[in-house]
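One structure is given below, encoded as structure tokens.
The values are calculated or read from the model by the stated rules, or taken from the named source; none is laboratory data. Remember, predicted model here, so these are calculated numbers, not experimental data. Please note: Cβ atoms are built from the backbone with ideal geometry, for glycine as well, and neighbour counts cover all protein chains shown.
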Amino acid sequence: MQIVIETTALTRRFGDLTAVDKLNLTVEASELFGLLGPNGTGKTTVIEMLTTLLPPTSGEAKVAGFDVRRKAARVRAETGYVPQLVSVDGTLTGYGNLLIFAKLYGVPRRERQARIAAALAGVGVLALLGAVAFSTLSLIAAWIVKTRERFMGIGQALTMPLFFACNAV
């Protein structure tokens, strides 16, 4: 089985505070893995180190076989990340926001509609719409008002990553 995430003694300190202390972790492909715990236990810090948003103080971390320090660009290319607060453009439709994410992440034009549809299907939205034509998916944002920002965050998964982190509240 392919190892997607591997850490050895991964540590992150903020001054005198040790947020993550010598984490050893192995996650294999197709394995569903979650970090659980109360606030302040280092879950977000681990995700930020694995997604190259925050450098480790010490130790090693590899995502998709790439070192998070030395091959950060390759790690980001294999990673999808939805932070707690997702930035969306409220003046655009749901489909419009997803299309912007697809363009920003370099999804080839010929693959965009299929990837957006796959991302929506992955969270069960297409099943809810039944036989509604794909071109009407732009109406979804109006239909899911309370969860719009979280919903739009799936646009960052359009890269079809090996590792996908969702920092849920």
Every residue from the stretch 34-51 that is surrounded by 12 or more Cβ atoms within 10 Å (Cβ to Cβ), within 15 Å of the chain's Cα centre (by Cα) and farther than 17 Å from G65 by Cβ: L35, K43, T44, T45, V46, I47, E48
Selection count where residues are hydrophobic (A, V, I, L, M, F, W, C) and free of Cβ contacts under 8 Å to residues at least 24 places away in the same chain, scope the stretch 10-33: 4
Single residue of the stretch 84-113 satisfying the filter (assigned to a loop (DSSP other than H, G, I, E, B) and buried (at least 17 other Cβ atoms within 10 Å of the Cβ)) that is modelled with the highest pLDDT: V107
